[in-house]
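K.L.:
The structure that follows is given in the form of structure tokens.
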Amino acid sequence: MVAEDRYYYIKHFSLSVPQRINPALLKMSESFSVEVNENVDVSQRLQIEVNRFGNKNDTKRSNSKIEKVTPTAKEVFLGYYNMALKYIHEHTIDEGEFYLSRHSKNFFEVQYFSGNEKNKSNIKIWFVDRIKSLSIHLHCAPNHEYRTRFRKGASPINGERFKQFFNLTIRFIYDPDSYPVFTEDFIKNFLMLCEGDNKIPGFIISAEQVFQDIQSQLQARKEFIEKRLIENDTDSAADRIRLRGELDGILYAISSIISHK
């Protein structure tokens, strides 16, 4: 039996700095988890973990010393996730500093620091290809945190190569339900870019195109559910409640995309 996806509002507490609280929204699926920070209008932090080879998550999340967990609605998570994507696409990548760090065989970090000291921008992509899982962290922030460390220890790359890493990552993360389908291709292409291959297919052309793709997929799923609710009378009451809940979330996501284009 497939476990139900669950959605949470989480407050992360720092043990070293007790007053520091990092609120986030989390989707837990058997095959992946995705977390987005609450203050997406200031910075955008997406943390994605995708299981490989049939490994499954426990979708239940409980309180701990460093986390306070509260269940939330699917549409709340989708609202923050889509807003994060919107703000990420609004980042301008122009002249600046670009770096690639190889921490181990399958652990890479890609960084961009804007050249404008009065309007600082930093984009970080964190990639870890484990045997049983893939970890992707994408963080966009209005600062130059850790720039000195990267100047000393990382390999400079050009802006075009960084944009390929960035676009490839965005293409992968924009639809969470597609993570398990595209994980292996994403890993292969990301590692090819790390080795300097610039001929990776499937780069996005524009933010507008990505939002059109998202909206098309949501619309197709919406129409499928509506048709099933009308024509299929063999679903259980629980299944119909689940489908109506998913439909509500899809309608909210579509309206959020339209209003924030």
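K.L.:
Output ³J(HN,Hα) for the stretch 99-105: one whole-Hz value per residue in order, computed from phi by the Karplus curve 6.51 cos²θ - 1.76 cosθ + 1.60 with θ = phi - 60°, and x for Gly and Pro.
P.N.:
9, 10, 10, 10, 7, 7, 4
K.L.:
Put a dot 7 Å past each Cα toward the Cβ at residue 120 and residue 216; how far apart are the dots in nm?
P.N.:
4.0 nm
K.L.:
Rounded to two decimals, what ratio of Rg to Rh does the stretch 6-199 give with C-alpha atoms and a Kirkwood Rh? Show your work: numbers first, answer last.
P.N.:
Values: Rg = 16.9 Å, Rh = 17.6 Å.
With Rh from the inverse mean 1/r over Cα pairs, Rg/Rh is 0.96.
K.L.:
Specify the angular offset, from 0 to 90 degrees and rounded to the nearest 10, of the alpha carbon long axis of helix 74-90 from the longest principal axis of the alpha carbons in the chain.
P.N.:
That helix lies at roughly 30 degrees to the long axis.
K.L.:
How do 192, 28 line up, fewest other C-beta atoms within 10 Å first? Each step should come with its number before you reach the end.
P.N.:
Numbers: 192 15, 28 20.
Going from least to most buried by this count: 192, 28.
K.L.:
Taking the chain as the reference, fit the longest principal axis to its C-alpha atoms, fit the long axis of helix 237-259 to the helix C-alpha atoms, and give the angle between the two in degrees, 0 to 90, nearest 10.
P.N.:
Roughly 40 degrees, rounded to the nearest 10.
K.L.:
If you plug each phi of the stretch 130-147 into the Karplus form 6.51 cos²θ - 1.76 cosθ + 1.60 with θ = phi - 60°, what whole-Hz ³J(HN,Hα) values come out, in order, with x for Gly and Pro?
P.N.:
8, 5, 9, 7, 10, 10, 10, 10, 10, 10, 10, 9, x, 7, 10, 4, 6, 4
K.L.:
By count of other Cβ within 10 Å, fewest leading, how are 91, 12 ordered?
P.N.:
The most exposed by this proxy come first: 12, 91.
K.L.:
What is the extension gain from residue 155 to residue 11, computed as 0.36 nm multiplied by their sequence separation minus the C-alpha to C-alpha distance, in nm to one decimal?
P.N.:
48.3 nm
K.L.:
Report, to the nearest 10°, how far helix 207-231 tilts away from the longest principal axis of the Cα atoms in the chain, using its own Cα long axis and a range of 0 to 90°.
P.N.:
In the chain, helix 207-231 runs at an angle near 10 degrees to the longest axis.
K.L.:
How large is ³J(HN,Hα) for each residue in the stretch 47-64, as worked out from phi by the Karplus curve 6.51 cos²θ - 1.76 cosθ + 1.60 (θ = phi - 60°), to whole Hz, x for Gly and Pro?
P.N.:
10, 10, 10, 10, 6, 10, 6, x, 5, 10, 7, 7, 7, 7, 10, 10, 5, 8
K.L.:
Right, something else. Return 175, 58 ranked ascending by Cβ neighbour count within 10 Å, so the fewest neighbours appear first.
P.N.:
58, 175
K.L.:
Within the set of other residues whose C-beta is less than 15 Å from the C-beta of residue 26, count the net charge using Lys and Arg as +1 and Asp and Glu as -1.
P.N.:
So the environment of residue 26 carries a net charge of -1.
K.L.:
Further, regarding this structure: Quick one: net charge of residue 138's neighbours, Cβ under 9 Å, K/R +1, D/E -1?
P.N.:
Around residue 138, the surrounding residues sum to +2.
Where a number appears in this text, it was derived from the coordinates with a stated rule and is not lab data. In this text, all values refer to a predicted model and were calculated from it rather than measured experimentally. For neighbour counting, all protein chains shown are included, and Cβ atoms are generated from backbone atoms with ideal geometry for every residue, glycine included.
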